[in-house]
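Report on the structure given below.
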Amino acid sequence: MPLIPVSSVTVDIPDEAVAEQVRAMLDPELAMLAELIASDARNTAAFADKTGKLRKSIKAQKSKFEGGGYIVVARAPHAHLVEFGHAMIDANGRTVGHVPAHPFLRPARDRRVRAALHEIQARLGGAYDERG
């Protein structure tokens with residue numbers, strides 16, 4: 001049987017297996033990142049918390065959603081009103097003003113994620129470019 005010359009060899013990279021292993025390696029780092037975000041949000045001066053309920057409600061937890069990971073939640077009933085602001089409604093149902101947003105979760109997330117990306121890039125030996 002004559003030999004057929006081969007000009008190239010192709011191998012598939014098991015991307016799903018690699019991604020799964022990378023996720024497993026990153027999981028403890030993401031847990032710590034979520035805790036840091038929650039801590040920053042609890043300790044911010046972005047809002048006044050007379051009762052302490054909002055600050056106490058801010059927690060990091062493992063996500064139940066597909067893809068896993070971690071989330072930071074504020075479970076106080078008024079958390080979304082503080083984070084995003086809201087309309088003021090009078091007794092007749094008319095809008096009489098607006099309470100401005102006092103974001104506390106999103107800025108904490110943005111600061112910590114940006115710092116984490118800088119650190120990862122430094123560990124990999126390159127400079128992080130926020131423009132993508």
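See the values below:
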item: Arg109 - accessible surface, heavy atoms, 1.4 Å probe, Å² rounded to 10; result: 110 Å²
item: FRET E, pair Arg111, Asp90, Förster distance 35 Å, beta-carbon r, rounded to 0.05; result: 0.40
item: Under DSSP loop assignment and at most 14 Cβ neighbours within 10 Å, longest GluC sites (Glu not before Pro)-free interval of the chain; result: 1-65
item: Carbon + sulfur, % of accessible area of the stretch 15-112 - ligands and nucleic acids excluded, 1.4 Å; result: 59 percent
item: Computed over the stretch 75-115, Kirkwood Rh from alpha-carbon pairs, angstrom; result: 11.7 Å
item: Positive minus negative residues near His78 (Lys, Arg vs Asp, Glu; Cβ under 15 Å); result: +3
item: Gained length - Asp12 relative to Glu66, 0.36 nm times residue gap less alpha-carbon distance; result: 16.9 nm
item: Tail fraction, Cα-Cα pairs, the stretch 46-113, threshold 16 Å, whole percent; result: 58 percent
item: Ratio Rg/Rh, restricted to the stretch 1-118 and using Cα atoms, in which Rh is the Kirkwood radius; result: 1.32
item: Listed residue (Ala101, Gly68, Gln21) projecting farthest to the positive dipole end of the chain, Cβ model; result: Ala101
item: Magnitude of the charge dipole, the stretch 1-85, Cβ model with Lys/Arg +1 and Asp/Glu -1, debye to 20; result: 840 debye
item: Computed Rg/Rh of the stretch 1-62, alpha carbon atoms with Kirkwood Rh; result: 1.53
item: Residue-count net charge about Glu29 - beta-carbon cut-off 12 Å; Lys, Arg +1, Asp, Glu -1; result: 0
item: With Cα atoms, 0 to 90° folded angle of helix 15-42 axis to the chain main axis; result: 20 degrees
item: Helix axis angle, 105-123 relative to the chain longest principal axis, alpha carbon, degrees; result: 30 degrees
item: Peptides 70-81, 42-53 ordered by average Cβ neighbours within 10 Å, highest first; result: 70-81, 42-53
item: Listed residues Asp110, Asp12, Asp40, most fluctuating in the chain (Gaussian network, C-alpha, under 10 Å); result: Asp12
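The values are calculated or read from the model by the stated rules, or taken from the named source; none is laboratory data. Worth saying up front: this structure is predicted, and the values here are computed from it rather than measured. Every residue, glycine as well, gets a Cβ built from its backbone with ideal geometry; the counts of neighbours run over all protein chains shown. For the accessible areas, the whole protein counts, side chains as well, though only heavy atoms, and no ligand, DNA or RNA atoms are used. Shrake-Rupley method; radii C 1.70, N 1.55, O 1.52, S 1.80 Å.
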